[in-house]
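Trainee: Pasting a structure here, questions to come.
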């Protein structure tokens, strides 16, 4: 996911996008292309479901400052794939 994030950042994919989900002591989420030039009250983060393979590894954990890619719940996402462009930054305590 790291390489994908860097590739998108260098390609200016994130330019003009919003941080649209901010939850104190939890996460800051952004990167959705449908947030670009969004008007107030728009639903954001529900664009085309393009995914990237899962990167769930024991040494990757959600400590404060970690960058990660969100994904749909297991009940609808058997392969645990992540969104290809959205990302979040962990704000709170460490979770695994």
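Trainee: Could you list all residues from segment 3-32 that are loosely packed, with under 10 Cβ neighbours inside 10 Å and closer than 16 Å to residue 83 by Cβ?
Mentor: If the condition is that a residue be loosely packed, with under 10 Cβ neighbours inside 10 Å and closer than 16 Å to residue 83 by Cβ, then 3 is the only one that fits.
Trainee: Considering only residues that are modelled with pLDDT of 90 or more and not in a loop (DSSP other than H, G, I, E, B), which ones fall in segment 61-75?
Mentor: Result: 67, 68, 74, 75.
Trainee: If a residue has to be assigned to a loop (DSSP other than H, G, I, E, B) and within 19 Å of residue 82 (Cβ to Cβ) to count, how many in segment 33-45 make the cut?
Mentor: Residues that pass the stated criteria total 2.
Trainee: Among (1) surrounded by 12 or more Cβ atoms within 10 Å (Cβ to Cβ); (2) at pLDDT 85 or above, there is one condition residue 92 misses while meeting the rest; what is its number?
Mentor: (2)
Trainee: For segment 46-60, which residues satisfy the criterion of being at pLDDT below 80 and either touching a helix residue (DSSP H, G or I) at 6+ places or on another chain (Cβ under 9 Å) or farther than 15 Å from residue 82 by Cβ (or both)?
Mentor: 46, 47, 48
Trainee: Right, something else. Quick one: in segment 57-72, which of the residues that are surrounded by 15 or more Cβ atoms within 10 Å (Cβ to Cβ) and farther than 15 Å from residue 19 by Cα is nearest to the chain's Cα centre (by Cα)? Before the answer, list the steps.
Mentor: So the first thing to find is which residues in segment 57-72 are surrounded by 15 or more Cβ atoms within 10 Å (Cβ to Cβ), and the list is 62, 66, 68-71.
Of the ones still in play, those that are also farther than 15 Å from residue 19 by Cα are 62, 66, 71.
Numbers: 62: 13, 66: 11, 71: 8 Å.
Checked segment 57-72; the qualifying residue nearest to the chain's Cα centre (by Cα) is 71.
Trainee: Can you name the residue in segment 1-32 that is closer than 20 Å to residue 77 by Cβ and part of a helix (DSSP H, G or I) and is also farthest from the chain's Cα centre (by Cα) among such residues? Quick ask: steps written out before the conclusion?
Mentor: To start, the set of residues in segment 1-32 that are closer than 20 Å to residue 77 by Cβ comprises 1, 4-5, 21, 27, 29, 31-32.
Those still in the list that are part of a helix (DSSP H, G or I) too: 4-5.
Working: 4: 12, 5: 10 Å.
Out of the qualifying residues, it is 4.
Trainee: When residues of segment 33-46 are filtered for being exposed (fewer than 12 other Cβ atoms within 10 Å of the Cβ), touching a residue at least 12 places away in the same chain (Cβ under 8 Å) and more than 15 Å from the chain's Cα centre (by Cα), how many remain?
Mentor: So the answer is 1.
The values are calculated or read from the model by the stated rules, or taken from the named source; none is laboratory data. Every value quoted in this text rests on a predicted model; they were computed, and no experiment measured them. With ideal geometry, Cβ positions are generated from the backbone for all residues, glycine too; neighbour counts draw on all protein chains shown.
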